[in-house]
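Just below is one structure, and these are the notes that go with it.
Just so you know, all these numbers are worked out from the coordinates, no wet-lab data involved. Note that the structure is predicted; figures quoted are calculated from it, not measured. Note that we place each Cβ from the backbone using ideal geometry, even for glycine, and neighbour counts take in every protein chain shown.
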Amino acid sequence: MKFFVDTADIDDIKDLASTGLLDGVTTNPSLIAKSGKEFIPLIEEICDIVSGPVSAEVAATDYETMRKEAEVLRKIADNIAVKVPLTPAGLKVCKELSDGGTMVNVTLCFSAAQALLAAKAGATFISPFVGRLDDISQTGLDLIAEIVTIYSQYPNFHTEVLVASVRNPLHITESAKMGADVATCPPNVIRALYNHPLTDKGLAAFVEDWKKTGQSIL
Ligand code: E4P
């Protein structure tokens, strides 16, 4: 499973990229607003840090403007994935971009039917939002299972399932069991994957016992 970080915070991206375990970055208009930075230079900076896909989202909702924005975004770097909403206009732009060889991330997916349309439009990634479904008392992970099952019936679909709106490590491990391709997670959720109290306890004991030996490896 690939790990993308869902943030526009440069310090977090640099820190997680330095682990060697980061495969890409996703942003959205809300995350850009939170960063307080200029959109295009910020995306350029992120693309310089991470060699994997970096999702940059269009702002328009109508086809004509969305297409023009997508044209600007796709030229930022080779690793840009243009992010479009799951609307008729968004999927029309998706089809054109993917036919032309540009990566496309289709966002705001909340149903298996929408995911089917995105695959037919040639999306590189489909982003089902598990956390936001959980928020309205629908089990977000059920949607991941449905999409993985449907896509596996059609070998000509090459769309990767990118689990989005991830809120906790369980969203990641359960999606991994289902065979989802990617999880995009807030930085704190990625960091939480390392944690286990028995790891901390065991390490503290090893450190203490090593001191007793009076030895040094270096
Ligand atoms: C996906 O690409 C979105 O940016 C993101 O996962 C949304 O998550 P949220 O529901 O926590 O805002």
Self-check item: Across K37/K120; K75/K120; K37/K95; K14/K34, pairs whose alpha-carbon gap is larger than 27 Å
Solution: K37/K120; K37/K95
Practice problem: Using label points projected 7 Å from each Cα along Cα→Cβ, tell me how many nm separate T213 and K201, to one decimal. | Solution: 2.3 nm
Self-check item: GNM result for the chain, Cα springs below 10 Å: residue of A180, A204, A70 fluctuating most strongly
Solution: A204
Quiz prompt | Spin-label model distance (nm) - T65 vs A176, 7 Å beyond Cα toward Cβ | solution = 4.1 nm
Quiz item: Gaussian network model of the chain, Cα springs within a sub-10 Å range: biggest mean-square fluctuation belongs to which of E160, E69, E38?
Solution: E38
Self-check item: Computed [θ] at 222 nm, helices only, for the chain once each DSSP H run of length n ≥ 4 contributes -39500 (n - 2.57)
Solution: -15000 deg cm²/dmol
Practice problem: Evaluate the relative contact order of the chain (contact order divided by residue number), counting alpha-carbon pairs under 8 angstrom at least 6 apart; express in whole percent. | Solution: 17 percent
